[in-house]
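A quick write-up on the structure given underneath.
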Amino acid sequence: MVVIELAAEDEEKQEVEDEKQAAEKKGSTNGSSTEAEGEGWETASEGDESHAVNDGDSLNGKAATTTGASSEEHFEDAMTEEEQRLKALVQAGIAKTEGNKLYAAGNYEEALQSYARALESAPDHPSSSETRAQCYSNRAICQIQLSNYAEAVKESTKALELDPNYMKALMRRAQAQEKLENFQDAITDLKKVIELDPGNRQCRESIQRLEPLAAEKAEKMKAEMLGKLKEMGNSLLGRFGMSIDNFKAVQDPNTGSYSISFQK
């Protein structure tokens, strides 16, 4: 009896011990799993959050860098373009000054070349319109000194395209037009000068001198035109045994109109 009870007691103790070990083993396994899962979630979350923050910072940094670089490049480009324009304008001014010296020394051909270099340097921009107009006008006076009057008209016209109220260019073109016997064109330019400068006595005197010449030339051109028309008429009427002389135009003193009569 005693042996059986001891054996049963031992078996009971063994079962309790086994259950205890099993419970401890199960608890240990669950705890390890929970701890690992916890650590893994926290690590993954912190990592994702960290990467998100880093990625955001990186993108923002890149965007800021790109925007800053772009702004600096545009700024540098704008400054470079402006600096180049100013540099070219300075070079044009130097060439124009050299041309003025050559003109004063009577070296008109060389002066023309200097003004041409100035025009090549001066950018085609509103900021350099004044310089370009002056160079064209100065080339005009050089051409006048060289008796190249048609070229002088062209150069003056280029100056006036840049500045329609440039009085020197108007006067120089008028001077060249007079030399070409385009008296009415010269008068037109001189009248424009008087509009800009009513007290310009020189232009008024030039107009008074040129008006009779312009009228005389107009009459001469009229006579030449009538002569050519007469020749043409005679060549046509000659086929019929007639000429312009067979026709006489008589003006009516009351109305001013003409009547044509045929005479053999």
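Observations
- Odd one out for SER114 among (1) out of contact with any Lys or Arg (no Cβ under 8 Å at 6 or more places or on another chain); (2) in contact (Cβ under 8 Å) with a residue 12 or more places away in the chain; (3) of a type outside the set (A, V, I, L, M, F, W, C): (1)
- The residues of region 118-157 that are of a type in the set (Lys, Arg) and buried (at least 18 other Cβ atoms within 10 Å of the Cβ), listed by number, are ARG132, ARG139.
- Condition check for ARG209: basic (Lys, Arg) and closer than 24 Å to ALA105 by Cα: no
- Subset tally (residues that are in contact (Cβ under 8 Å) with a residue 24 or more places away in the chain and in a helix (DSSP H, G or I)) for region 121-132: 7
- Number of positions in region 158-168 that are surrounded by fewer than 24 Cβ atoms within 10 Å (Cβ to Cβ) and closer than 20 Å to ALA88 by Cα: 1
- The helices (runs of 4 or more DSSP H) falling completely within region 133-235 that include 2 or more residues that are more than 32 Å from the chain's Cα centre (by Cα) map to 167-179, 183-196.
Values quoted throughout were computed directly from the atomic coordinates according to the rules given, and no laboratory measurement underlies them. All values derive from a computational prediction rather than experimental measurement. Neighbour counts are summed over all protein chains in view; Cβ atoms, including those assigned to glycine, are modelled from backbone coordinates with ideal geometry.
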